[in-house]
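Worksheet: the structure to be examined is printed underneath.
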Amino acid sequence: MPPAPQLGGLFEGLIASELLAQSAWSRADVKLWHFRDRNGLEVDLVVERADGAVLAIEVKSSSSYRGDQFTNLAKFASLMPGRFVGGLVLGMAPSAYRYTDKLWGLPASVLWTGFG
């Protein structure tokens with residue numbers, strides 16, 4: 001197993017690759033992109049639907065959720081009024097977590113197993 005600093009980058013790459021692959025066969029017309037503004041606000045992945053709605057995703061290799069993991073998602077939401085439909089922290093935690101009305105933590109395994 002790679003050292004902890006390398007694990008985060010590898011895990012983020014795996015999730016990005018999987019979302020890109022799934023978007024290729026999805027019926028929904030979506031674009032995937034990374035967000036970073038000139039002030040340093042960064043969101044790992046943004047899924048944008050054809051109608052302009054956006055879902056923001058932070059990828060964390062942590063096995064638990066912490067409030068600071070949702071900070072950039074909340075800031076990004078404020079930049080996208082009317083377009084932001086939700087934000088996710090995808091990580092290695094075994095269960096889901098609702099942080100606020102539109103921000104959730106989910107195990108990354110939902111990409112392969114669904115929510116059920």
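Assorted remarks:
- Residue within the stretch 17-38 that is in contact (Cβ under 8 Å) with a residue 12 or more places away in the chain, in contact with a strand residue (DSSP E or B) (Cβ under 6 Å, 6 or more places away or on another chain) and among the acidic types (Asp, Glu) present: no
- Listed by first and then second residue, the pairs linking a residue in the stretch 87-116 that is over 16 Å from Val43 (Cβ atoms) to a residue that is surrounded by fewer than 13 Cβ atoms within 10 Å (Cβ to Cβ) and of a type in the set (A, V, I, L, M), with Cβ atoms under 8 Å apart and 6 or more places separating them unless they lie on different chains, form an empty list.
- Residue match in the stretch 37-45 (condition: among the β-branched types (Val, Ile, Thr), out of contact with any helix residue (DSSP H, G or I) (no Cβ under 6 Å at 6 or more places or on another chain) and closer than 26 Å to Pro94 by Cα): no
- Of the residues examined, Met80 is one that is within 19 Å of Gly40 (Cα to Cα), over 12 Å from the mean Cα position of the chain (by Cα) and either at pLDDT below 95 or surrounded by 16 or more Cβ atoms within 10 Å (Cβ to Cβ) (or both).
- Filtering Glu48, Glu58 for residues that are among the acidic types (Asp, Glu), outside any loop (DSSP other than H, G, I, E, B) and under 11 Å from the mean Cα position of the chain (by Cα) leaves a single hit, Glu58.
The values are calculated or read from the model by the stated rules, or taken from the named source; none is laboratory data. Predicted model, so just to flag it, every value in this text is computed and none were measured. Ideal geometry is used to build each Cβ from the backbone, glycine not excepted, and the neighbour counts take in all protein chains shown.
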